[in-house]
Amino acid sequence: MRLPAVATVLLLIAPGCVKEISSDERLDRETEGIGAPRSTPDAAALGKVHCDDTADALNQARNVNRPETDRVISYVELYEKLLKSNATFEEAMTRNPDLHYTEGSQKLVAARDNCIQQTADVKVEFETYVRELVSVPTVQEIKGGNTVTVARLDFGTLRQAIEVLNVDDKEQLLTRVANAERTVVPSTPAAEDPAARKRGK
């Protein structure tokens, strides 16, 4: 008789606990859902969103004298920033179509179009660089009288860049990076030593 009694107690307690927790969670989720539209930028806030400040970041990403890992990180950060700006415009103008017709709407539309164009241009440049690195991800160095294979850059950063770009052949690119990683000498400083990479090239 003890087992049925225990089971009955558990059945009585468990549903109550689950119901109480799920109700709180449901309330939180519903509250968040209700609050989301209110946080959509209005015309004034959206007017502060722009994509005209990409020059410095692009120069950093293009600088061949910087370590390639750092260059990739610069591209990733810039591209993600542009994607975020695009998403802000898209969300705001979808949720509030009146933004297309309010005073100063032409500036908003122009700023959105500029962000779209900037994002497209940066993606082409970013993707070209990443594909180049995937094609030649390693270099040869002389160490201790022997020729060894070392990485051009941090493979984790390269994988992150591929994920952010999210191209159609992403899985193939990631596989190539994984294969290249198996060929390198462990614990090599090539990714942090520009001089070493130049010697390898």
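The values are calculated or read from the model by the stated rules, or taken from the named source; none is laboratory data. What you are looking at is a predicted structure, and each value in this text was computed from that prediction instead of being measured. Neighbour counts are summed over all protein chains in view; Cβ atoms, including those assigned to glycine, are modelled from backbone coordinates with ideal geometry. Accessible surface areas use protein heavy atoms only, side chains included; no ligands, DNA or RNA. Shrake-Rupley method; radii C 1.70, N 1.55, O 1.52, S 1.80 Å.
Tabulated data
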| quantity | calculated |
| --- | --- |
| Close pairs (7 angstrom Cβ cut-off, 6 or more residues apart or separate chains): within 17 Å of Asn166 (Cα to Cα) and among the aromatic types (Phe, Trp, Tyr) in segment 113-125, assigned to a helix (DSSP H, G or I) and open to solvent by 70 Å² or more (accessible area, probe 1.4 Å) anywhere | none |
| Total residues in segment 62-76, condition assigned to a loop (DSSP other than H, G, I, E, B) and either surrounded by 17 or more Cβ atoms within 10 Å (Cβ to Cβ) or hydrophobic (A, V, I, L, M, F, W, C) (or both) | 2 |
| Given (1) modelled with pLDDT under 95; (2) assigned to a helix (DSSP H, G or I); (3) polar (S, T, N, Q), index of the condition Thr149 fails | (2) |
| Single match in Ala92, Ala111 (criterion: in contact with a Gly (Cβ under 9 Å, 6 or more places away or on another chain) and part of a helix (DSSP H, G or I)) | Ala111 |
| Residue within segment 16-39 that is at pLDDT 95 or above and open to solvent by 80 Å² or more (accessible area, probe 1.4 Å) present | no |
| Residue tally, condition part of a helix (DSSP H, G or I) and without any contact (Cβ under 8 Å) to a residue 60 or more places away in the chain, over segment 52-61 | 5 |
| Failed item in (1) modelled with pLDDT of 95 or more; (2) closer than 17 Å to Asp154 by Cα; (3) of a type in the set (S, T, N, Q), with Thr119 passing the rest | (2) |
